[in-house]
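Here is the structure we will look at, set down as structure tokens.
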Amino acid sequence: MTTSASPSVIDLRSDTVTRPTPAMLAAMMAAPVGDDVYEEDPTVRRLEEMAAARFGLEAGLFCPSGTMTNQIAIKAHTEPLSEVICEQTSHIYLWEVGGIAFHSGASVALLPGQRGRLTAAQVEAAIRPENVHYPSTQLISLENTHNRGGGSCYALEDLQAISDVARRHGIARHLDGARIFNALVATGQRSEDYGQFFDSISVCLSKGLGTPVGSVLLGSAAFLKKCKRIRKVMGGGWRQAGYLAAAGIYALENNVARLADDHRRAARLAEVLGQQPYVAEVLTPETNLVIFRLADTMPAADFLATLEQQGIRASSFGPQWIRFVTHLDVDDAGLNRVEAALAAMA
Ligand SMILES: *Cc1c(COP(=O)(O)O)cnc(C)c1O
């Protein structure tokens, strides 16, 4: 059975490109399923319960994408004429099609972070006072790891401090944890500690964890009941989703600890990039994302085309900025090929 892309292609564009392994596919094929709209899919239920327990939250809602889990959570936490505080390069603002305006009719307060990380003082200063001219601040949304920040991680004390500020002001707290497991593995933090800092957490199963599809939204049972109606109106009520949930269960049980390998490979890529004369700047990777800026002498289009000729794919991340992502389908042999290709361009 062929389950992976041609081995000649090393795809560093994203950790979403992974294909399920034979063992994951076998788990999917063996899953007991039912109609999830009738709440009759035992495998979906098991995944939701398992994920919620890991993060110290009550319940889960399995959805097709991280964009959907984030946008459902934002809509459930806010009402029109409100405002969401987030970092200016956060995924919920930059890469979710303006969904905050579209779905929730809410405004955004965009704060400049340090590699995507906000401080409690910044958050507190952005909370709107009661005034007829202002939207009312109803939600703070953080991202951990932070994608545009180069896979950066929050310290637990900072999450605690931001959570405290939000609670004091009666503001809901959401975490876009698309790559939360990368943060947990890199920092040694415990997932169980996260439930106290957030009212809702979105976890992607199709990034580093390697499933074909799916994200799970975690929170209280009452909150998720509201979210389930929003998922339905978005067309996200699905049926025998247990086949996909089984991949998520398999990933939670087997693919978390191995993220450390992706981090090691990202660190190695950053080291090699740092030695190249055509690289102007590399954000030191904290997890599996390597973001770097090419010198003006190396046009980004030429760099990407040269890699592409050798079966290596990467993505452009702004003028002269490139992102490499390590994942389940990039092994040490692939890493060596990338290193050789980078050195040959010097
Ligand atoms: C990938 C990602 C998402 C969700 O993306 P989908 O493609 O909709 O699953 C959300 N937040 C961050 C930070 C991401 O990187």
A correct Karplus calculation of ³J(HN,Hα) over region 170-179, with 6.51 cos²θ - 1.76 cosθ + 1.60, θ = phi - 60°, whole Hz and x for Gly and Pro, returns x, 10, 6, 10, 10, 10, 7, x, 3, 10
With the 8 Å Cα cutoff and a minimum separation of six or more residues, region 214-346 has a relative contact order in percent of 20 percent
Between Val279 and residues 5 or more places away or on another chain, the pairs with built amide H atoms under 5 Å apart involve Ala295
Expected vector for region 17-32, Karplus 3J(HN,Hα) from phi with 6.51, -1.76, 1.60 and θ = phi - 60°, integer Hz, x for Gly and Pro, equals 7, 5, 9, x, 6, x, 5, 5, 4, 5, 5, 5, 5, 8, 5, x
Per the helix-only model, the chain has a calculated mean residue ellipticity at 222 nm (DSSP H runs of ≥4, -39500 (n - 2.57) each, divided over all residues, rounded to the nearest 500) of -11500 deg cm²/dmol
Note, region 104-118: 3J(HN,Hα) by Karplus (6.51, -1.76, 1.60, θ = phi - 60°), whole Hz, Gly/Pro = x, goes 10, x, 9, 8, 10, 9, 9, 10, x, x, 9, 6, x, 8, 9
Relative contact order as a percentage, the chain, C-alpha pairs under 8 Å and 6+ apart, gives 24 percent
Taking every DSSP bridge whose two residues both lie in the chain, the antiparallel percent to the nearest 5 is 50 percent
One finds the C-alpha centres of region 19-78 and region 282-346 to be spaced, in Å, by 33 Å
Once all protein chains are kept in place, Lys75 shows an accessible area at probe 1.4 Å, nearest 10 Å², of 80 Å²
Sorted by chain and number, the residues with a modelled amide H under 5 Å from that of Gly151, at a separation of 5 or more or across chains, are His146
Amide H proximity to Asp11 below 5 Å, modelled H, separation 5+ or other chain, gives Arg313
Restricted to pairs 8 or more residues apart or on different chains, the lysines in the chain with C-alpha atoms under 21 Å apart form a number of pairs equal to 4
Sorting His103, His146, His133 on solvent-accessible surface, 1.4 Å probe, most exposed first, gives His133, His103, His146
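The values are calculated or read from the model by the stated rules, or taken from the named source; none is laboratory data. Here the structure is a predicted model, which is why all the values come from computation and not from measurement. Each accessible area value is taken on the protein alone, full model and side chains, heavy atoms only, with ligands, DNA and RNA left out. Shrake-Rupley method; radii C 1.70, N 1.55, O 1.52, S 1.80 Å.
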